[in-house]
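Worksheet for the structure shown next.
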Amino acid sequence: MREKRIGMLIAIAVLLILLIWTLFPIYWMVNTSFKPDAEIYNIIPTLWPKQFTTINYEKLISSNFFTYVGNSLTVAGTVTVFGVFLSTIAAYAISKLRFRGRTVISQAIIYAYLIPRSIMYIPLYMLVSRLNLLNSLWALMLIYPTLVIPYATWILIAYFKTIPNNLEEAALIDGCTRLQTLFLVAIPLAAPGIMSTAIFSFTMCWGDHLYALVIITKDSFKTIPLGISDLIVDDLFAWGQLAGAAIFAALPVLLLYMLGSKYIVTGVTAGAVKG
Amino acid sequence: MVAQKKVRRLQFEGANNSRLALCLIAPVVIYLLLVMLTPILWAIITSMQNKNRTEFVAFENYAWIFTNRSAWRSFSNALGNTLVYTLFCVGGKVLLGVIIALVLNQQIKGRNLYRALLLLPWTIPTVTSVFTWRWLYSDVGGVLSYLLQVSGFTTERVEWLATNNTAMLSCILVNVWRGAPFIGISVLSALQTIPHSLYEAARIDGANAPRQFHSITLPYIKDVLGMSSLVTTIWTLNDFEMVWLLTRGAPAYATELLSLYSYRVGFSNGNLPRAIAVSFMFFPVVIAMVAVFTNRSLRKESDFAGG
């Protein structure tokens with residue numbers, strides 16, 4: 001019917017606008033990373049590099065940049081694995097088991113999640129400083145779980161609650177211990193939620209700037225966000241390299257999202273959509 | 001029937017699982033006590049010391065915020081900026097997110113590809129998105145100014161991040177660009193659970209599009225929208241790096257949020273106790289903003305958590 005056709009046309013028009021709004025900045029960044037400095041600072045920007053070059057990437061490779069990548073990978077990977085694992089078993093206990101103090105603990109975890117990073121960063125700096133761990137990856141691995149654990153536990157509690165108990169009950173009747181049902185039944189069932197939580201957690205650690213900023217000042221321990229802002233010296237922005245570095249910083253996370261894409265959508269609404 | 005279910009659930013949960021439960025939650029609880037609670041307590045004590053950490057001055061640092069004229073000016077400026085920033089960012093993200101969801105819900109060919117593309121800003125790290133936009137905004141070689149000049153909207157170069165009025169707007173724009181897809185995806189999932197037959201029936205009954213949206217769509221997405229908005233608000237309030245990397249609080253502190261002001265006091269001026277005092281003043285703001293959603297969402301959480 002005509003109404004439907006007009007509605008569809010409007011939708012397509014809006015979609016087009018959204019695509020331009022979303023993709024143009026990213027395209028522009030990729031575009032810039034392949035231009036030489038001379039062309040970048042040209043008065044008239046070019047939609048496609050007139051002088052296609054990989055020199056920016058070459059400069060990046062020969063600099064410390066990949067040390068930063070390694071640091072970020074190490075920290076984000078370790079923290080994600082440990083943090084999500086511990087959060088999963090805690091979330092299982094809170095959502096499926098009865099024990100004294102259950103309500104208090106779950107409320108406390110939610111409030112812990114609400115504490116802004118802009119309040120936590122100073123206490124955490126002091127903790128790291130007292131432990132003499134400043135300028136080390138250990139420090140980051142120690143404090144990044146404060147980003148991961150409250151969020152992951154909260155989401156996973158809600159997620160576990162949506163998983164029906166029958167399969168576990170059946171396993172229990174068949175003689176499994178509680179611990180066995182946790183690892184053999186509950187966790188496999190919750191895999192999509194756990195996966196998407198892990199991806200979000202990795203992204204949080206990968207992208208943290210504030211904590212790393214106050215804790216790491218020595219170059220060899222810097223993470224990617226710090227490394228990128230280092231490409232700015234005083235007022236001079238090395239835009240070609242910045243663009244390349246920024247793109248590079250995005251690739252691992254993008255890869256993760258692509259691999260886990262089917263988990264993301266289900267995980268995001270965990271517990272929020274009833275029934 | 002209901003009683004039977006309840007008995008089964010109690011049996012399933014079981015009281016003799018306490019030891020197992022405690023083992024499972026112990027790591028998380030111990031970690032949070034040691035790495036979150038203890039440092040916060042230390043910080044509270046530190047906030048009551050003087051700049052050199054040699055003497056105990058009780059609430060002097062807190063009073064300083066309100067009594068010292070320039071401190072109050074900076075603080076109230078930062079507070080105002082934070083409220084404006086958060087309000088407009090969350091509002092913008094919700095609005096844009098709902099639009100994204102509505103569009104992606106249509107039966108357009110290649111939907112999945114577009115969904116992945118529109119999710120891109122959310123997936124790339126904050127640093128990347130910040131510098132992407134910083135480059136667009138740049139007054140030397142930046143594309144946005146060029147486009148505006150070429151299309152005739154302005155006559156001279158626009159310094160997006162250096163002018164008071166446009167600086168805050170520019171920051172909000174980046175935040176909305178980055179965060180809207182998250183809300184879009186969340187709402188989309190809820191939209192996709194709505195049976196088409198409902199819309200058909202409504203149309204047959206003569207309901208027009210706005211009416212359909214109000215009576216059918218909204219109730220279905222309310223829960224998800226509420227939860228996503230709450231989470232988004234928390235994340236926006238948490239935001240330090242985006243604004244700091246874009247403007248460092250310039251020009252003339254027009255974009256200095258509370259988090260940036262606290263950083264300035266603590267690390268640029270070297271007065272850690274005062275910085276802590278300033279950042280703790282952030283708490284009322286957080287609680288106030290979250291309270292808007294708290295009634296609905298936290299109560300739901302205690303449904304989940306308390307059982």
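Cβ separations smaller than 6 Å between residues 6+ apart or across chains give no pair from region A:71-89 residues that are outside the structural domain of A:THR217 (by TED's automatic domain parsing) and within 17 Å of B:VAL28 (Cβ to Cβ) to residues that are assigned to a helix (DSSP H, G or I) and at pLDDT 95 or above.
When each of A:LEU16, A:LEU73, A:LEU9 is tested for being over 30 Å from B:ALA202 (Cα atoms) and not hydroxyl-bearing (Ser, Thr, Tyr), the lone residue that passes is A:LEU73. Looking at region A:33-112, the helices (runs of 4 or more DSSP H) lying wholly inside it that each contain 2 or more residues that are open to solvent by less than 20 Å² (accessible area, probe 1.4 Å), within 26 Å of B:LEU20 (Cβ to Cβ) and away from chain B (no Cβ under 11 Å) sit at A:65-96.
Against the numbered list (1) in contact (Cβ under 8 Å) with a residue 40 or more places away in the chain; (2) outside any loop (DSSP other than H, G, I, E, B), A:LEU18 comes up short only at (1). Count of region A:216-229 residues, restricted to those that are surrounded by fewer than 24 Cβ atoms within 10 Å (Cβ to Cβ) and of a type outside the set (Lys, Arg), is 7. Where helices (runs of 4 or more DSSP H) sit wholly within region A:188-252, those with at least 2 residues that are farther than 23 Å from A:GLY70 by Cβ and not basic (Lys, Arg) occupy A:191-207.
For region B:111-154: of the residues being charged (D, E, K, R) and more than 25 Å from A:SER229 (Cβ to Cβ), which is modelled with the lowest pLDDT? By that ranking, first place goes to B:ARG111. Taking the condition open to solvent by 40 Å² or more (accessible area, probe 1.4 Å) and either on the phi > 0 side of the Ramachandran plot or modelled with pLDDT of 85 or more (or both), does B:ILE99 pass? It is true that B:ILE99 is open to solvent by 40 Å² or more (accessible area, probe 1.4 Å) and either on the phi > 0 side of the Ramachandran plot or modelled with pLDDT of 85 or more (or both). Please tell me if B:LEU113 is assigned to a helix (DSSP H, G or I) and more than 8 Å from every other protein chain (Cβ to nearest Cβ). In short, yes. If I ask for residues that are within 18 Å of B:GLU159 (Cα to Cα) and more than 18 Å from the chain's Cα centre (by Cα), which ones from region B:224-271 would you list? Residues satisfying the conditions are B:THR247, B:ARG248, B:GLY249, B:ALA250, B:PRO251, B:ALA252, B:TYR253, B:ALA254. Within region A:143-163, the set of residues being open to solvent by 20 Å² or more (accessible area, probe 1.4 Å) and either in contact with a strand residue (DSSP E or B) (Cβ under 9 Å, 6 or more places away or on another chain) or facing another protein chain (nearest Cβ under 8 Å) (or both) comprises just one member, A:LYS161.
Here A:ALA76 qualifies as modelled with pLDDT of 90 or more, within 23 Å of B:ILE234 (Cβ to Cβ) and in contact with a helix residue (DSSP H, G or I) (Cβ under 7 Å, 6 or more places away or on another chain).
Residue-by-condition table, conditions (1) more than 30 Å from B:ALA162 (Cβ to Cβ); (2) surrounded by fewer than 16 Cβ atoms within 10 Å (Cβ to Cβ); (3) within 9 Å of chain A (Cβ to nearest Cβ):
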residue: B:ALA190; (1), (2), (3): yes, no, yes
residue: B:GLU200; (1), (2), (3): yes, yes, no
residue: B:PRO219; (1), (2), (3): yes, yes, no
residue: B:TRP235; (1), (2), (3): no, no, no
residue: B:ALA254; (1), (2), (3): no, no, no
residue: B:LEU258; (1), (2), (3): no, no, yes
residue: B:GLY270; (1), (2), (3): no, yes, no
residue: B:ILE276; (1), (2), (3): yes, no, yes
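Of the residues that make up region A:88-109, is at least one hydroxyl-bearing (Ser, Thr, Tyr) and under 25 Å from B:LEU120 (Cα atoms)? So far as region A:88-109 goes, no, none of its residues is hydroxyl-bearing (Ser, Thr, Tyr) and under 25 Å from B:LEU120 (Cα atoms).
Taking the conditions (1) at pLDDT 80 or above; (2) assigned to a helix (DSSP H, G or I) in turn, B:ASN165 satisfies each one other than (1). All conditions in (1) under 20 Å from A:GLY77 (Cβ atoms); (2) in a helix (DSSP H, G or I); (3) not hydroxyl-bearing (Ser, Thr, Tyr) hold for A:LEU167, with the sole exception of (1). Scanning region A:119-132 for residues that are in contact (Cβ under 8 Å) with a residue 12 or more places away in the chain and open to solvent by 10 Å² or more (accessible area, probe 1.4 Å) gives A:TYR125, A:LEU127.
The values are calculated or read from the model by the stated rules, or taken from the named source; none is laboratory data. This one's a predicted model, so the numbers in the text were calculated from it and none came from an experiment. Counting neighbours? That spans all protein chains shown, and the Cβs are built from the backbone with ideal geometry, glycine included. The area values use the complete protein model at the heavy-atom level, side chains included, leaving out ligands, DNA and RNA. Shrake-Rupley method; radii C 1.70, N 1.55, O 1.52, S 1.80 Å.
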